[in-house]
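To keep things clear, I will list the structure first and then write my remarks on it.
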Amino acid sequence: MTEILDPSEAFKPSSPYFGSMVSPAAKIVKSVRLPWRVVIDTAEQQPYTFEGIRADANKQGRMIQVETVQRCLGRYPHSLGDYSLEADGWSCVQPAWCYVERKSLEDLQSTLLGFADGHRERFESELGNMRDVMLAGGACLVVVECDLCELLQSLPPSSKSPTTIAKSLHRSVVSLWREYHVPWAFCGSRRLAEITTFRFLESFWKHNHKEGIHTCQ
C-alpha cells in the first residue's frame, strides 16, 4: 500500500513524491497543519521552505505542512533577524517574541571580519535588539549553516595569515556570544540549520501556548 501525503504531491516537481504512481488503493495520509505560520523577512535572500519535516509520534510522524509568509522584520538599526512566527490573534510585535538570524559560512565570515564595510556594526546592532527581546521574555537564536571547525578552516582569501583570520573569527564568536547572550547554533549543514530554525520556533510556540502566554496579540 502506497503512503503519500496528498495525491496532488505526485504532480509537484518540488515534492519528494513527484512522479509517484498513486493507485486507488493508496493510503492517503493527511499532513499536519500548524496553528501558526513562519514569518520570513522580505530581505532574506535564500529562504528556507521547511519542506519534509515530520511531526512527532503522537501524530504518527506525518509530514508537517508549514505555512510561510513574508514580512519586514525590521531594518537597521531596528533589525531583528530573518525568521519569526505569527498566528491568528498573535503578531510579531516587540518586545517579547521569537526571532532567528540565519548565517551561511560565507555570510558569517564576511560579517565578523567586516569592520571596515559596516557589516560587523549592523550585526552587533541586531544582536543588541535580540538581547532586548530576550530580556523582555522572548527568545532568539543565531543559526549557522556550518560547524565551528569549518568556519575556522574554510577561510576567505586575505592578505593576513590563515592563523590570524581563524583567531579573529573564533574570538569574535566567543566575544559576541558573551556580550549579547544570544545563543548560537552551529549546525554543520543548511538542512540541519533549517530544521533547527523550525524546531526553535515550534518550541517557542508550544511553550507559550501551553502556558497560555499571549505576549503579542
- Query: Quick check, is Y99 within 17 Å of C140 (Cα to Cα), of a type in the set (F, W, Y) and free of Cβ contacts under 8 Å to residues at least 60 places away in the same chain?
  - Reply: yes
- Message: Kindly evaluate R199 against the criterion of being closer than 22 Å to L112 by Cα, among the basic types (K, R) and out of contact with any Pro (no Cβ under 6 Å at 6 or more places or on another chain).
- Response: no
- Here the residues within region 48-64 that are surrounded by fewer than 16 Cβ atoms within 10 Å (Cβ to Cβ) and assigned to a strand (DSSP E or B) are R54
- Item | Selection status of V69, modelled with pLDDT of 95 or more, aliphatic (A, V, I, L, M) and surrounded by 17 or more Cβ atoms within 10 Å (Cβ to Cβ) | no
- Task: Among the residues of region 105-131, count how many are of a type in the set (F, W, Y) and at pLDDT 95 or above.
- Result: 1
- Task: Look at V93 and say whether it is out of contact with any Pro (no Cβ under 9 Å at 6 or more places or on another chain) and modelled with pLDDT of 95 or more.
- Result: no
- Item | Unmet requirement for H209, which otherwise passes all of (1) at pLDDT 95 or above; (2) under 19 Å from S84 (Cβ atoms); (3) not in a strand (DSSP E or B) | (1)
- Message: Given the criteria surrounded by fewer than 16 Cβ atoms within 10 Å (Cβ to Cβ), within 26 Å of A136 (Cα to Cα), of a type in the set (S, T, N, Q) and modelled with pLDDT under 95, does S8 qualify?
- Response: no
- Any idea which of G138, G74 is surrounded by 14 or more Cβ atoms within 10 Å (Cβ to Cβ), touching a helix residue (DSSP H, G or I) at 6+ places or on another chain (Cβ under 9 Å), without any contact (Cβ under 8 Å) to a residue 60 or more places away in the chain and not β-branched (V, I, T)? G74
- With respect to D82, is the statement that it is out of contact with any Gly (no Cβ under 8 Å at 6 or more places or on another chain), surrounded by 16 or more Cβ atoms within 10 Å (Cβ to Cβ), farther than 18 Å from W205 by Cβ and at pLDDT 95 or above true? no
- Confirm whether R120 is exposed (fewer than 15 other Cβ atoms within 10 Å of the Cβ) and not aliphatic (A, V, I, L, M). no
- Query: Of (1) over 23 Å from V173 (Cβ atoms); (2) in contact with a helix residue (DSSP H, G or I) (Cβ under 7 Å, 6 or more places away or on another chain), A55 satisfies all except one. Which?
  - Reply: (2)
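The values are calculated or read from the model by the stated rules, or taken from the named source; none is laboratory data. Keep in mind that what you see is a predicted model, and the values were worked out from it rather than measured. We place every Cβ from the backbone using ideal geometry, glycine too, and count neighbours over all the protein chains shown.
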